[in-house]
Amino acid sequence: MIPISETVEKIKPSATLSLSAKAIKMKAEGKDVVSLAAGEPDFPTPENIKDAAFDAIRADKTKYTTAAGILPLREAIKDKLKRDNGLDYSEDEIVVTVGAKQALFNALMVTVNPGDEVMILAPCWVSYIAQVKFARAVPVIFPLQEERDYQPNVDDLEKLITSRTRCIVLNTPNNPTGVVYAKDTLEGIAEFAVKHNLFVISDEVYEKIIYPPARHISFPFLGEGVKERTILVNGLSKAYSMTGWRIGYAAGPKEVIDAMIKIQGHSTSNATSISQYAAIEALRGPQDSVEEMRREFQKRRDYVVKRLNAIGFSVKRPLGAFYIFLNVKHLFGKRYDGKEIKDSTDLCELMLERALVAAVPGSAFGREGYIRLSYAASNEMLKKAMDRIECFVKNIR
Ligand code: PMP
Ligand code: GLU
């Protein structure tokens, strides 16, 4: 028997990925499952980006690249950060990673020491807590409330500060709640971070999936003092429907970026060369498809919210990302076909087995009493899912 390290033994597999895998397996077995589990755009990657990848292959851009990522891509990211976010970074303050996920992972690995505390606002994306534990640091959860639209109150954050608090992880637009932090909320967090000498990891992967009147403010834009303590993380997965291409990036102080490149040099070497060339086209080419997809998500959001409210849930329209974090507490303690629903895991299991709709239990995001539905699915699939959920809920007594 080969023993597994204690660090890894304590970490659970990614619930979003394992539930999506389960839905895919059921589909392969011939079951007509509708998956609202995976948080990934269902659109094909835009043609111009695919063409750039074919061109890269034909031009033999198929070798190792520098660990930091090819210079023309870092230049394209630099220009994007200026154009979209009003930020000035140089090419050597940017690293290209294997998805935003690796940027977050490397950012934590290079900045926290064992036993350091990392503040995470919950509900939160499934991988933050696991990644903090990989870095042998301690996740400290700050609970956000639905009644307050999941906006953090900075006075309450103060209560969690200890001498070991090093960092705070932010995610706006947010997965799983769809919340977009207001400017004054971000300013409050910035002031708090400066006061306690914390650094901030700002996960902005849903930047482009945002609905009026919300608008995205990149955290480092809040001022030089804020920028110098922020590691900005973003990626191409969501905005350009490029989840499988695995291109993310981080921008931040050069020492941090250099340390992240060092990890990369010893682990993945570099993000796939072909994807990197395609990413230049994504960032520099026409941006119409980004807006088209965003508009489509907005229509889907409106449809799903309307249907869920008609079914009897109480749902507000989220202002960002493509998730509904659905309050299902009123279903707990009731039964479906004789089976008691005790928690969100029971509910998701029953819904998958009996209604053939996959969703992720709120517990995976650190919040019991909710399930996450992704509306990054076709209109046809969403209609099917809503019809099935309606029928399923009617039979819960
Ligand atoms: N952060 C959040 C909040 C996410 O939902 C995702 C989606 N997987 C990621 C980071 C990572 O995205 P990727 O690695 O595909 O760039
Ligand atoms: N971010 C997506 C989600 O939350 C993709 C899966 C993952 O990487 O966790 O479902």
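For the reader, a short list of remarks on this structure follows.
- With the helix formula -39500 (n - 2.57) applied to DSSP H stretches of n ≥ 4, the chain reaches a computed 222 nm mean residue ellipticity of -13000 deg cm²/dmol.
- Here's the list of aspartates and glutamates a cross-link from Lys78 could span, going by alpha-carbon distance under 13 Å and ignoring same-chain residues fewer than 8 apart: Asp88, Glu91, Asp92, Glu93.
- Full-extension gain in nm, Phe54 to Ser163, via 0.36 nm per residue minus C-alpha separation: 34.0 nm
- Each of Lys25, Lys227, Lys339 has its accessible area taken with a 1.4 Å probe; listed largest first, they run Lys25, Lys339, Lys227.
- With q set to 0.18, 0.22 Å⁻¹, the log10 of I(q)/I(0) for the range 40-141, from the Debye formula over equal scatterers at the Cα positions, is -1.09, -1.18.
- Near-label residues of the range 354-397 by backbone N, under 17 Å of a point 7 Å along Cα→Cβ of Ser314: 369-371
- As a fraction of the 1.4 Å probe accessible area of the chain, surface on carbon and sulfur atoms comes out at 53 percent.
- The range 261-343: C-alpha gyration tensor shape, a/c 1.5 cut-off, then a/b vs b/c: oblate
- In straight-distance terms, cross-link reach from Lys10 covers every one of the lysines whose alpha-carbon lies under 20 Å from its own, apart from those fewer than eight places away in the same chain; here that gives Lys101, Lys133.
- Of Lys22/Lys299; Lys195/Lys262; Lys306/Lys342; Lys183/Lys238; Lys183/Lys254, pairs whose Cα-Cα distance is over 32 Å: none
- The angle between the Cα long axis of helix 71-85 and the longest principal axis of the Cα atoms of the chain comes to about 60 degrees, rounded to the nearest 10.
- Between Pro176, Pro143, Pro318, the residue with the greatest mean-square fluctuation in the GNM of the chain (Cα pairs under 10 Å linked by springs) is Pro143.
- Between Ser18 and Cys391, the modelled label-to-label distance comes to 2.9 nm, taking each label 7 Å out from Cα in the direction of the beta carbon.
- Accessible surface, the chain, averaged per residue in Å² (probe 1.4 Å): 44 Å²
- Rounded to the nearest 5, the antiparallel percentage of DSSP beta bridges internal to the chain is 50%.
- A Förster radius of 25 Å combined with the Cβ-Cβ distance from Ala28 to Glu380 puts the calculated FRET efficiency at roughly 0.80.
- Heavy-atom accessible area for Asp258, with the other protein chains in place and a 1.4 Å probe, reaches approximately 70 Å².
The values are calculated or read from the model by the stated rules, or taken from the named source; none is laboratory data. Bear in mind that the values here come from a model prediction, so they are computed numbers and not experimental data. So basically every Cβ, Gly included, is an ideal-geometry build from the backbone, and we count neighbours across all protein chains shown. Remember, those area values only see protein heavy atoms, side chains included, never the ligands or the DNA or RNA. Shrake-Rupley method; radii C 1.70, N 1.55, O 1.52, S 1.80 Å.
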